[in-house]
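Below is one structure, written out as structure tokens; the observations come after it.
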Amino acid sequence: MTVADSITHLSTVSLAATATAQKGAGPAAAIFKSATVTHYGPDGVQPATKGIMSFAAVQVGADGSITGGQITHTVTTPEGQPVHESTLQLTAGGKVAQAQTTIHNHNDAGVANVLAADLSGVQWTDSGKIHTGTINLKSTHPVTGAQTAAGTMVFQNEKLVSGTVTHYSAQDPKAVESLTEMDYSGLSFLGTKVAGGQLKVTRKQPDQSVSSTSQVSFQPDASGRVANIQTTNMDPKSGGVKSQVATDYSNVTYDARNVVTAGDVHIHVTAPDKTPISHAVVTFANSVPQSAQTWRFDGNTQLARVTTDYSGAQFDNHNRVVSGAIKVNVFDASDNPLATSNVTYDGKGGVANKQTQKVPPSTAPAAPKGLPDIAAKVWTNLPTRPAPAPLPTKQVPPPSPTAKKTFRKDGTLEESVETTLVKGVPASAVVTHYDTDGKTIERIYNVDLSKVSMVGGKPSGAVVVAESIAGARKTSDSVFSY
């Protein structure tokens, strides 16, 4: 969620600047030149991304408050591959009014899409979090500029509660291809991080008829990783159930950015009466699909088997083939080969060429294979991995009586700031953000001011901010330089 990540980092900017001002900086001098941000993966140790923020275009009033301008935020992998670049347009008080993000492909240096976000309709809390309102989103093609999708993110009481996406046709950017509605009320959040629970997704045709409903279950460890997806495919005309699909991610591994790196994704499809239709195993390696194997069934008997070799293909960010070639082998009910196809793609996801060679039928076909035997070998006896444990919460004592506290309108505690003085000068601070109950800790920021020196009321050096989620796991390290 690139927009949310940029807003979170902007909140860090604000508290770092405030801490410097408390050390004695003149108001207009407390604006940084730049910052570096290291974001960590769900283990709190492995770097996920590196970011650079520039404040050269920030506009500041005579009293030191931000009156407008923009912040640029460039993010790469730890190895230097581009992830995204964002430009945040600021309004009075340093709040984000507009954001534009260029999102790069995972697998090469190309651009995937450009995302524009309009935040002018949201209300903010005193600590820099979105309280209520709607973010309007628009996604465009990086080359043609044609609109590919438009959507909304709706917030209530500091939580993301719902969202919509309108998908447009690649051939006609004005033609609606499909609609998606998201219900986030079943998720648990720590700030902008998904801590667990279920997301409900409804997909519709342009005429609003429902084509499918899904429940996406997330791991309970605040990693933001999907555990499984249960989907019901509907007949848009009759409203009846066509099939049910269970997708299991329990046998895959992820990198620090939550990209699937290796392992098998299992997809099991059944009819409305629960009889099996198919089972597929998609095998990942080097963060992309390498192969797939699909069995189709007639009752409890194999009808056909299809294998796909993706080793010569290139993928987009949604693991759809866009270029290169794949090889498809088709087998009959007895696993005798029927045909082999070689398919090449045009670089845009379209098929450029397909060559199919049929195999003469076997003269001595074996007996059809039964589902129980196949299932026992492929998916019912998989090695079990331990289920992720919920994120442990660090026991943090309540803020001291001398801490500076910010309360919400309903009286709940939103933020506390505890400052440590050395010879009467702030040397460090601990900033704690609380959930809407005023008790649950969302984030803790440890602010180190020891590297900042003051000359004539002007700061030099750097402010170092370490951020942790729920006080239990580090999420980022930031260095704000003057």
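Where strands (runs of 3 or more DSSP E) fall wholly inside region 405-481, the ranges with 2 or more residues that are without any contact (Cβ under 8 Å) to a residue 24 or more places away in the chain, of a type outside the set (Val, Ile, Thr) and closer than 27 Å to Thr72 by Cβ are 441-448, 458-469.
If the condition is being surrounded by fewer than 16 Cβ atoms within 10 Å (Cβ to Cβ) and touching a residue at least 12 places away in the same chain (Cβ under 8 Å), then region 317-332 contributes Asn317, Arg320, Gly324. Among residues belonging to region 296-316 that are polar (S, T, N, Q) and surrounded by fewer than 17 Cβ atoms within 10 Å (Cβ to Cβ), point out the one that is farthest from Ile267 (Cα to Cα). The extreme case among them is Ser311. Per this entry, Gly51 is not counted among residues that are part of a loop (DSSP other than H, G, I, E, B), more than 19 Å from Val122 (Cα to Cα) and of a type outside the set (A, V, I, L, M, F, W, C). Scanning region 268-316 for residues that are within 20 Å of Lys348 (Cβ to Cβ), in contact (Cβ under 8 Å) with a residue 40 or more places away in the chain and not β-branched (Val, Ile, Thr) turns up Gln314, Phe315, Asp316.
With respect to Gly151, determine if the residue is buried (at least 17 other Cβ atoms within 10 Å of the Cβ) and on the phi > 0 side of the Ramachandran plot. Against the criterion (buried (at least 17 other Cβ atoms within 10 Å of the Cβ) and on the phi > 0 side of the Ramachandran plot), Gly151 does not qualify. Residue under question is Thr340, and the condition is that it be surrounded by fewer than 16 Cβ atoms within 10 Å (Cβ to Cβ), at pLDDT 90 or above and either at positive phi or not charged (D, E, K, R) (or both); does it hold? So Thr340 fits the description; yes.
Note on region 217-244: among residues that are touching a residue at least 60 places away in the same chain (Cβ under 8 Å) and in contact with a Lys or Arg (Cβ under 8 Å, 6 or more places away or on another chain), the one that is farthest from Gly41 (Cα to Cα) is Gln219.
The set of residues from region 262-288 being farther than 25 Å from Leu371 by Cα and either surrounded by 16 or more Cβ atoms within 10 Å (Cβ to Cβ) or hydrophobic (A, V, I, L, M, F, W, C) (or both) comprises Ala262, Ala285, Ser287, Val288. Considering only residues that are touching a Pro at 6+ places or on another chain (Cβ under 7 Å) and closer than 26 Å to Gly312 by Cβ, which ones fall in region 340-371? The one that is touching a Pro at 6+ places or on another chain (Cβ under 7 Å) and closer than 26 Å to Gly312 by Cβ: Val359. On the stretch given as region 185-199, residues that are touching a Ser or Thr at 6+ places or on another chain (Cβ under 7 Å) and assigned to a strand (DSSP E or B) total 4. In region 250-261, is there at least one residue being at pLDDT below 95, surrounded by 16 or more Cβ atoms within 10 Å (Cβ to Cβ) and charged (D, E, K, R)? Yes, the conditions are met somewhere in region 250-261. Strands (runs of 3 or more DSSP E) fully within region 311-375 that include at least 1 residues being within 21 Å of Asn300 (Cβ to Cβ): 321-331.
For the structure I just gave you, tell me whether Ser243 is of a type outside the set (D, E, K, R), on the phi < 0 side of the Ramachandran plot and surrounded by fewer than 17 Cβ atoms within 10 Å (Cβ to Cβ). Yes: the conditions hold for Ser243.
The values are calculated or read from the model by the stated rules, or taken from the named source; none is laboratory data. From a predicted model like this one, the values you see are computed outputs, not experimental measurements. Note that we place each Cβ from the backbone using ideal geometry, even for glycine, and neighbour counts take in every protein chain shown.
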